[in-house]
Amino acid sequence: MDNDRVDQIIDKYQGEASSLIQILLGIQTENHWLPKEALERVSEKLQVPLARIQHIATFYKAFSLVPKGRHEIHICVGTACHVRGATRVLDTVRDLTGIKPGETDLDLKFSLETVNCLGCCALGPVMEVDGKTHGKIAPGKTADVLKNFE
Amino acid sequence: MPRINSPSELEKLRQGILSDRDPEKPCITLCSGSACHATGSGDVAASIETEIEKQGLSAELDLRKTGCHGFCERGPIIVNHPEESCYFQIKPEDIPEIVSQAVKEKGIVERLLYTDLNTDEKIINESEIPFYKNQKRLVLGSNGSIDPKSIDDYLAIGGYSALEKALSQMTPEQVLEEVKKSNLRGRGGGGFPAGRKWEESRNAPGDIKYVIVNADEGDPGAYMDRSLLEGNPHSVLEGLMIGAYAIGSHEGYIYVRQEYPLAVENLTIALKLAEEYGFLGKNILGSNFNFNIIVHKGAGAFVCGESSALMTALEGRAGEPRPKYIHTAVKGVWDNPSVLNNVETWANVPLIINKGADWFTKIGTEKSKGTKIFSLVGKITNTGLVEVPMGITLRDIIFEIGGGIPGDKKFKAVQTGGPSGGCIPENLLDLEVGFDELSKAGSMMGSGGMIVMDEDTCMVDVARYFIDFLTDESCGKCVPCREGLRQMLKVLTNITEGKGNEGDIKLLEELSEVAKEASLCALGTSAPNPFLSTVRYFRNEYEAHIKEKRCPALSCKELITYHVDPDKCQACMICARKCPADAVDGDKKKIHIIDQEKCTKCGTCFEVCPSRFGAVNKISGESVPPPIAEEKRIITRKSKEK
């Protein structure tokens, strides 16, 4: 992500230091992660210490300081999904991809995340891959879904 | 659209919208909330549009994409107006039939109607379906009839008339008195009287005051706030405007999770329209009242649902709470008086102003007035959002509205209040739902998550699950929460893995006491509740885990083994083929055996074994029978012997 684009996002929020979270969200949404250079640019433009930016970037769940894989797997571990067996789904996906929640594989193919509730509890347990919801997913069915991704 | 400058102009506009609308004109409403979207309502909408085009009906039939109807179990949902016949689990290929039979012929598509589970009777109207019949949908009711992206739809059902009434006929003091009289209590968790909060802010010194919508709905398994913001955003805005008028605020914030993209989208559209029509900005409806609203997207932190943490986040910092010996109503955002209420609380305000506090206080119990929206989820037949009057029993919600537990399983507990709440066992099911009643039972109202658990749910694991969640979400500012929860999690994890020791329960109780007494904010003080309530009602399960290394619910992975019963196995190969770990040894006509070394305990074999065989067992607390001898594994079918 180049500095011009970062500047545009900063300008959208009138460059106010109180909009720091909104600006970081803007970069995260567009770039899927927060590169060091972008954070330095934000720090410089808003006159906010880099340490404070890193505090925020590590405090909130939406931010990632490392690049994400091509495909993002979200496994809902909300309470409703939990009582319907989400842990077993998660364990199977971990075995299949070889990564833990919060990690990305070395080929940058998959990133695995757990989410606390996707709010489609009627479909639990739920796995979401690249925004597409796979409802009532049994551990045994996860392999069929994941094999379609390159 | 020219700005509306006075109450009379608003009424004229409303009459204009109504006279342009023919209530007899056929209209299909389609649930387009996030949950139905996940089940494919987007494709259904496209299919309806194509069909309208194909049959040349664009002048005769309207399609309205509404918010969540609540009955998520059966989504996507279509209601055909004006007949109000209601169809469930619609797929794109059902549309031609619905359009030609139900709309054009004014008939009924019987196969898509709701079938009563007890009587097998087909039910045509939504209001007759048990799920809806026993609810009181005051706040959620309009969700199913308006397009959230259209302000005209909201005006057509009387929208913004409460704002008009407040601004033109009431003084701010009168509005405040009405809300105080209604005894509206906060729907976000604590149940603090909204009127008292408002009054405190109104009387607090300072010219700049803020009103805030807390839409940082973080409880796992709860999504009613999202549903309201997605389905009826103007009702929340209207409530916020009225609150601002009452306390003398000119700036409002909506703190909404960025994980709710549709809610953010609909909210942004609603704000834009409200501004265009003149419900926001300067001199609203000619009353000299000025007000603006800013949307702040939350970046994902459960603790930001706490008022002081949320306000810190609004200031652009990491959302950590602060001690509240001075209320946020007096010193909140940038140290200015700030009133923060939950989405549902704000949405109740227009109703109270329109219909009066006397009407509102007629609903509910002595101390809890009005209705409450719950998200009824987990091991329940009818998953969905339900709105019920306070004072209804848990039994009525779970069995009358929710349709009970699926699959002939036995009810075990219902968890309310999210991670800060607790589990309520079967013998307390006749408890009346209210803020104080639930607290007395060791749980709380919370924001309205209601997770039903059956005999297969392990209560120790549930406690571990919530403490795990809270350990992860603890902001780390105070020690009792940060360190105490971490220790509790360690002990609970050990118990669920069969490594529990005598004295663990006592240790957990001590840790709970400290966290409850000494934590900085409500996240920490209420964090031990999931443990305390489960140990209070299900102590025997804890003891079975610790003393017998047995999980009575057969749920804790480390304490169970899967075993194929050689007497029941029909050697059908289904489990062997489906096993992701290749742990099932067997062949056609050769009884299957699970290789315990390879087994990852994912439970696939248990789920896929045909129920007429039921050959896969879960064993806990006893040793696995040795595999049967090789020569006994061959099955000779009786039919073939003849």
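Please treat every number below as a calculation from the coordinates, not as lab data. If you're wondering where the values come from, they're calculated on a predicted model, not measured in any experiment. Backbone-built Cβ (ideal geometry, glycine too); neighbour counts: all protein chains shown.
For the stretch B:394-436, the residues whose backbone nitrogen is under 14 Å from a point 7 Å from the Cα of B:Q89, taken along Cα to Cβ, are B:407.
The Cβ shell under 12 Å around B:D116 holds other residues with a net charge of -1, Lys and Arg each +1, Asp and Glu each -1. When each of B:L228, B:L184, A:L46 is scored by the number of other beta-carbon atoms lying within 10 Å, the sequence from fewest to most is A:L46, B:L184, B:L228. For chain B, the mean residue ellipticity at 222 nm estimated from helices alone is -10500 deg cm²/dmol, where every DSSP H run of n ≥ 4 contributes -39500 (n - 2.57) and the total is divided by all residues, rounded to the nearest 500.
Among the GluC sites (Glu not before Pro) in the stretch B:291-377, those located in a DSSP loop and surrounded by at most 12 other Cβ atoms within 10 Å of their own Cβ are B:E366.
Over 31 Å between Cα atoms, which of A:K12/A:K147; A:K45/B:K324; B:K362/B:K440 qualify? Walk me through the numbers before you get to the answer.
Numbers: A:K12/A:K147 40 Å; A:K45/B:K324 34 Å; B:K362/B:K440 23 Å.
Violating the 31 Å limit, Cα to Cα: A:K12/A:K147; A:K45/B:K324.
Looking at the stretch A:55-150, which chymotrypsin sites (Phe, Trp or Tyr not before Pro) are DSSP coil and have at most 15 other C-beta atoms within 10 Å of their C-beta?
Working: sites: A:F59, A:Y60, A:F63, A:F110, A:F149; in loops: A:Y60, A:F63, A:F149.
Passing both the DSSP loop test and the Cβ count: A:F149.
Panel order for B:S287, B:S308, by other beta carbons found within 10 Å of each beta carbon, from fewest to most: B:S287, B:S308.
Sorted from fewest to most neighbouring beta carbons within 10 Å, what does the list B:S307, B:S182, B:S168 look like?
Numbers: B:S307 28, B:S182 25, B:S168 14.
Ranked by crowding around the Cβ, least crowded first: B:S168, B:S182, B:S307.
Plainly put, chain B has a radius of gyration that is 1.02 times its Kirkwood radius, both from alpha-carbon atoms, as the Rg/Rh ratio.
The ellipsoid that matches the Cα gyration tensor of the stretch A:71-146 has semi-axes, each √(5λ) in whole angstrom, of 19, 12, 11, with the longest given first. Label-to-label distance for B:R111 and B:Q174 is 5.9 nm, based on points extended 7 Å past Cα in the beta-carbon direction. Computed from label points 7 Å out along Cα-Cβ, the spacing between A:E40 and B:T361 is 6.5 nm. If R0 equals 41 Å, the separation of the Cβ atoms of B:D565 and B:E432 corresponds to a calculated FRET efficiency of about 0.35.
Distance distribution note for the protein assembly as shown: the fraction of Cα pairs above 36 angstrom is 48%. For a straight C-alpha distance cut-off of 24 angstrom, the lysines reachable from B:K589 (same-chain residues fewer than eight places away being disregarded) are B:K568, B:K578, B:K598, B:K618, B:K632, B:K638, B:K640, B:K642.
The Cα center of the stretch B:459-525 and the Cα center of the stretch B:200-256 differ in position by 33 Å.
What is the Cα convex hull volume of the stretch B:317-402 when expressed per residue in Å³?
Values: hull volume 15.2 nm³, N = 86.
About 176 Å³ per residue, rounded to a whole number.
Considering only alpha-carbon pairs that sit under 8 angstrom and 6 or more positions apart, the relative contact order computed for the stretch B:371-457 is 36 percent.
Which whole-number percent is the relative contact order of the stretch B:151-361 (Cα, under 8 Å, 6+ apart)?
Working: 389 pairs, mean separation 66.6, N = 211.
Relative contact order here is 32 percent.
Here each label is just a point 7 Å from Cα along the line to Cβ, and for B:A46 and A:H55 those points are 4.7 nm apart. Under the combined filter of DSSP loop state and at most 10 neighbouring Cβ atoms within 10 Å, the stretch B:323-430 retains these chymotrypsin sites (Phe, Trp or Tyr not before Pro): B:Y325.
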